[in-house]
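Comments concern the structure below.
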Amino acid sequence: MPERIQRKRTKGWRKPGNTVIVSRPSRFGNPFTLAGAMEWLGADTPEQAREACHMAFRSWVRGSDQWWMGPEAAATRRRLLDGLLELRGKNLACYCPLPEPGQPDHCHAAILLDLANTPKEN
């Protein structure tokens with residue numbers, strides 16, 4: 001089963017095989033930022049901001065315009081969804097910290113993993 005990899009900026013870190021980088025500014029990057037979550041959504045800590053960005057991304061990628069509207073938002077969502085097949089079976093790398101065991105993963109890459117690897121119902 002594909003998994004989320006924490007991308008690092010440390011010297012010598014290399015992207016593992018069978019891994020796609022989905023951090024900003026990639027095609028699959030989360031358009032919702034921690035700074036925006038703190039400013040617009042009232043998050044007080046980076047973890048609260050991560051949770052808010054995760055929630056906004058999940059809602060937006062499923063078609064909601066509550067968090068971001070307009071032609072740019074729709075085009076970005078379409079481009080991301082059209083590329084999900086490229087992510088199937090791949091590990092996804094983002095800079096978000098990995099969750100502690102048993103804790104929820106508040107990274108958009110976790111949502112992308114689920115979307116790309118869940119069979120479509122007819």
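Expressed as a rounded percentage, what relative contact order does the chain have, with Cα pairs under 8 Å and six or more residues apart?
It comes to 40 percent, rounded to a whole number.
Taking 0.36 nm per intervening residue step and subtracting the Cα-Cα distance, what contour gain separates Asp65 from Leu115 on full extension?
In short, 16.1 nm is gained.
Mind jotting down a quarter of the surface of the convex hull over the alpha carbons of the chain, in square nanometres, one decimal?
8.7 nm²
Taking amide H positions as placed in the peptide plane 1.01 Å from N, state which residues far from Ala93 in sequence (5 or more) or on other chains have amide H under 5 Å from it.
Amide H neighbours of Ala93: Ile5, Val20, Ile21, Val22.
So what are the ³J(HN,Hα) numbers for the range 34-45, from phi and the Karplus equation (6.51, -1.76, 1.60; θ = phi - 60°), rounded to whole Hz, Gly and Pro as x?
4, 4, x, 5, 6, 6, 9, 10, x, 5, 9, 10
Which value at 222 nm does the chain reach when only helices count, each DSSP H run of 4 or more adding -39,500 (n - 2.57), with the total divided by all residues and rounded to the nearest 500 deg cm²/dmol?
The helix contribution divided over the chain gives -11500 deg cm²/dmol.
For a quick check of your reading of the filter: which GluC sites (Glu not before Pro) in the range 19-120 sit in a DSSP loop and have no more than 11 other Cβ atoms within 10 Å?
Working: sites: Glu39, Glu47, Glu51, Glu72, Glu86; in loops: none.
Sites meeting the loop and neighbour criteria: none at all.
Pop out the ³J(HN,Hα) list for the range 65-70 in order, Karplus 6.51 cos²θ - 1.76 cosθ + 1.60 with θ = phi - 60°, rounded to Hz; leave Gly and Pro as x.
For the range 65-70, the Karplus curve yields 9, 4, 9, 7, 10, x Hz.
Taking θ as phi - 60°, what are the ³J(HN,Hα) couplings along the range 90-102 by the Karplus curve (6.51, -1.76, 1.60), each to the nearest whole Hz, with x for Gly and Pro?
9, 6, 10, 10, 9, 6, 4, x, 6, x, 5, x, x
FYI, it's all coordinate maths here, none of it is from the lab. This one's a predicted model, so the numbers in the text were calculated from it and none came from an experiment. Don't worry about glycine lacking a Cβ; one is built from the backbone with ideal geometry, like all the others, and counts go over all protein chains shown.
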